[in-house]
C-alpha cells in the first residue's frame, strides 16, 4: 500500500503528545494536532508502535497508545524498504552522518511512500543533506 501526501510521525513526537503533562505547546505536537484535525493522512508502523509500548509501564498507558494509534494508516516495511534503508545508511555514513538502523528504516518508508517525516530528532535533519528525505516544516 502506497500513501502519498501524508506524514509519518516519529516516536519522539508521539512521546511528547501522549505524555501525561501533554506538552501541547511543542511545535511538533501542534503540527500533529493540526494534521489530525485537518484530515491529513497520518501514518504509523510497527517499529513506532513497539517503541511506544516499550516505554509504557502502566496498562492504562499501553491502552491509550493502542487506542490513539488504532485509527491511523498502518504501513509495514517491504523488502524494497529494507534495501533502501541500507543504501540510505551507507550514503549518510559516507558523509559522516550516522543514521541508526531503525531511523534508516523509517526514512525508507517515508521516501518510498511519498510521505514527510514529523520528528524532533536532529539526526534526520543532518541526513536530509545527503538523502531525499522530506521533513515536515515545524
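Only the coordinates and a few stated rules stand behind these numbers; no lab work does. Please read these numbers as outputs of a predicted model, since none were measured by experiment. Methodologically, a virtual Cβ is constructed for each residue, glycine included, from the backbone with ideal geometry; neighbour enumeration extends over all protein chains shown.
Kindly express, to the nearest 10 degrees and within the range 0 to 90, the angle between helix 59-70's C-alpha long axis and the longest C-alpha principal axis of the chain.
Tilt of helix 59-70: around 60 degrees.
Indicate the gyration tensor shape class of the stretch 36-83 (rounded, prolate or oblate), computed on the Cα atoms with a ≥ b ≥ c the square roots of the eigenvalues: a/c under 1.5 is rounded; otherwise a/b larger than b/c is prolate and the rest oblate.
oblate
Would you mind pulling out the separation of the Cα centroids of the stretch 74-112 and the stretch 7-73, in Å?
21 Å
Rounded to the nearest 500 deg cm²/dmol, what is the calculated helix-only ellipticity per residue at 222 nm for the chain, with -39500 (n - 2.57) per DSSP H run of length n ≥ 4?
Using -39500 (n - 2.57) per qualifying helix, the result is -16500 deg cm²/dmol.
State the label only: which of [x] 53, 32, 22; [y] 40, 36, 26; [z] 43, 28, 27 corresponds to Cα extents along the principal axes in Å computed from the shown model?
Evaluating Cα extents along the principal axes in Å on these atoms matches [z].
Using a 10 Å cut-off on Cβ atoms, rank the peptides 26-34, 116-124, 91-99, 57-65 from the highest mean neighbour count down. Walk me through the numbers before you get to the answer.
Working: 26-34: 16.4, 116-124: 18.4, 91-99: 14.7, 57-65: 12.1.
Going from most to least packed, we get 116-124, 26-34, 91-99, 57-65.
Which angle between 0 and 90 degrees, to the nearest 10, do you get for helix 46-55 versus the longest principal axis of the chain when only C-alpha atoms count?
50 degrees
Which of the peptides 7-18, 78-89 is most tightly packed, and how do the rest follow, judged by the mean count of other Cβ atoms within 10 Å per residue?
Put in order of decreasing packing, that is 7-18, 78-89.
For the pair residue 73 and residue 59, how long in nm is the line joining their label points, each one 7 Å along Cα→Cβ?
A separation of 3.5 nm, rounded to one decimal place.
In the chain, what percentage of the DSSP-assigned beta bridges are antiparallel, given to the nearest 5?
Working: 0 of 9 bridges.
Looking only at bridges with both residues in the chain, the antiparallel portion is about 0 percent.
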